[in-house]
Amino acid sequence: MNILDRELRPWLHGVISVLLGFCVLWAMITFPELHNTFVDGVNNILYYPEKPAIELRDIVKYSSNWVLERSSLRERVTKLELQNRAMSEELQKAGIKVPVPKEGNVTAKITLRYPDDWWQGFRIDKGSSDGIKEGAAVTSEGFLIGRVIRVDRNYSWVQMITSSSFLIAAAVDETRDLGVINGDDRGNLTLLYVPEERKLKNGMGVSTSLMGRHVPPGIPIGRVIGAKESKDGFLPISIQAGAHLTQLYSVEVYSGGDKIE
Amino acid sequence: MIYLIAIWLLQDFVQVFLMGFFIVPNIYLMLLLMMSLLPATRKEKQIILIWAAFAGGLIWDFRWTNLPGMTAALNAGLVAAACFLWYKIPAQGRTVVFFTFILIASILISGFAHFALWTVPSQVALRQFFVQQFLGVPLVIVFSLIYWKVSDRNV
């Protein structure tokens, strides 16, 4: 009777549930694959109940931004058209044949970005059925912001350039110095392995270097904003990301590159 | 139980709608606290509500927090602690004012625990935290009023 009475004490169940919660937390941190399975399962189940909210959100967001976006996009299109025309003229003068673009970008919306994993990654609403491939470059406003690391049929996960496990070959536009871009999980970027005798100036651009079939070279990443303390003959360079990494709502995923191996 | 599922889905719906702007207050926890502290609620039902808090929190974690088990532990712990505290004070003290105090304390603890584990820049996180608590104020008033009406009927 005493045991039964004890079993009916809410505080005891509270203690057990708190301990169980921490056990779950430990298990999920220890076995990330299990965590991913559960996250994907829950997200798949909630896909349909959440669909009206996503649609409603898009309607509100796009209708409120429509006028502003339209005028800024028109300006941008005009500018790009002029640049494109000038470049075509120069190429024609030089006798270089302009290749027809065979690849494109897939525009995707961000459907999940964990506050506690803010600088590491996010989920987008496009997957393998939309032509997304693992390793593909992800850009925003023309700047590299990450790479696809996991692809499902209808959604994908993106690892951001600010993640400490993100490494990508990059080159300084003005000097062609090569290095590796790495994040620190706190929103900062560093260009590693630049010899310390190289004098890089603030404001110099940094772009991707050829590293894989899904990350084309020449995608802008950001600008040099300073140098850190020299280490082992190399000078880590602080980079400011070109994209607004705290204000990401939709991104472009590079869908080309299949023919280059 | 149907109310709990409905409120959980409503909270999720609102969070999807407001994603990127602010974080929705823990409406599910507020409902659980209200249901568990009503005069007519027996211990057996409180235990069910504690585990409902755990289950709802766990699914929320898998959907939104990336720390699976944290919201589950927080929700269940807070409901259990509220029940424990509620029955530790004399019956005359179990008023709507005390219920409101428990509600505010619980959502502040829950909100602060999440805030402490975010890696977003402190200014952004702080703004999100304050907006979340600010949005919780009308909900606290609504839940307190409901509690007042329902408990009055039960007395």
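The values are calculated or read from the model by the stated rules, or taken from the named source; none is laboratory data. This one's a predicted model, so the numbers in the text were calculated from it and none came from an experiment. Positions of Cβ are generated from backbone atoms using ideal geometry, with glycine treated the same way; all protein chains shown enter the neighbour counts. Each accessible area value is taken on the protein alone, full model and side chains, heavy atoms only, with ligands, DNA and RNA left out. Shrake-Rupley method; radii C 1.70, N 1.55, O 1.52, S 1.80 Å.
Heavy-atom accessible area per residue, the protein assembly as shown, 1.4 Å probe: how many Å²?
54
Report, in degrees rounded to the nearest 10, the 0 to 90 angle that the Cα long axis of helix A:10-30 makes with the longest principal axis of chain A.
It is inclined by approximately 30 degrees.
Chain pair A, B: how much accessible area is buried, both chains summed, with a 1.4 Å probe, in Å² to 100?
3700
Would you please name the trypsin sites (Lys or Arg not before Pro) within segment A:121-174 that are DSSP coil residues with at most 16 other C-beta atoms within 10 Å of their C-beta?
Hits after loop and neighbour filter: A:ARG153.
Amide H of A:GLY256 versus every other amide H placed in the peptide plane: which residues, excluding those fewer than 5 positions away on the same chain, fall under 5 Å?
Those lying under 5 Å, H to H, from A:GLY256 are A:GLY104.
I need the shape label for segment A:205-247. Rule: rounded when a/c is under 1.5, else prolate if a/b > b/c, else oblate, with a, b, c from the alpha carbon gyration tensor.
oblate
Starting from the Kirkwood Rh over alpha-carbon pairs, what translational D in µm² s⁻¹ does the protein assembly as shown have by Stokes-Einstein at 20 °C and 1.002 mPa s?
So the translational diffusion coefficient is about 88 µm²/s.
Run the reach check for B:LYS149 against lysines, Cα to Cα strictly under 28 Å, same-chain hits fewer than 8 apart removed. What comes back?
Partners within reach: B:LYS43, B:LYS45, B:LYS88.
Hey, can you list the DSSP H helices of chain B whose Cα span along the axis is 20 Å or longer and whose average Kyte-Doolittle score is at least -0.5?
Membrane-span-like by this rule: B:2-18, B:43-60, B:70-88, B:96-116, B:122-154.
Can you list the aspartates and glutamates whose alpha carbon sits under 16 Å from that of A:LYS231, skipping same-chain ones fewer than 8 residues off?
By straight Cα distance, A:LYS231 reaches A:GLU196, A:GLU197.
Relative contact order of chain A: what whole-number percent is it, with Cα pairs under 8 angstrom and at least 6 residues apart?
15
Say we join alpha carbon atoms closer than 10 Å with springs in a Gaussian network model of chain A; which of A:LYS228, A:LYS61, A:LYS201 then has the biggest fluctuation?
A:LYS61
Report, ordered by chain and residue number, the aspartates and glutamates lying within cross-link reach of A:LYS201, taken as a straight Cα distance under 14 Å and ignoring same-chain residues fewer than 8 apart.
Those aspartates and glutamates meeting the cut-off are A:ASP173, A:GLU174, A:ASP177.
Output wanted: per-residue J couplings in Hz (rounded whole) for segment A:237-242, from phi through Karplus 6.51 cos²θ - 1.76 cosθ + 1.60, θ = phi - 60°, x for Gly and Pro.
Computed from phi, the couplings for segment A:237-242 are 9, 6, 10, 9, 4, x Hz.
With each pseudo-label sitting 7 Å past Cα toward Cβ, what's the A:ALA27-B:GLN92 distance in nm, one decimal?
Simple spin-label model gives 4.8 nm for this pair.
If I compute solvent accessible area with a 1.4 Å probe over the protein chains, what percent of it on the protein assembly as shown is carbon and sulfur?
The nonpolar share, carbon plus sulfur, comes to 64 percent.
Which trypsin sites (Lys or Arg not before Pro) does segment B:1-61 hold that lie in a coil by DSSP with at most 12 other beta carbons within 10 Å?
B:ARG42
If R0 is 30 Å, what FRET efficiency do you get for A:GLU197 and A:GLN240 from their C-beta distance, rounded to 0.05?
Efficiency, from the Cβ-Cβ distance: 0.80.
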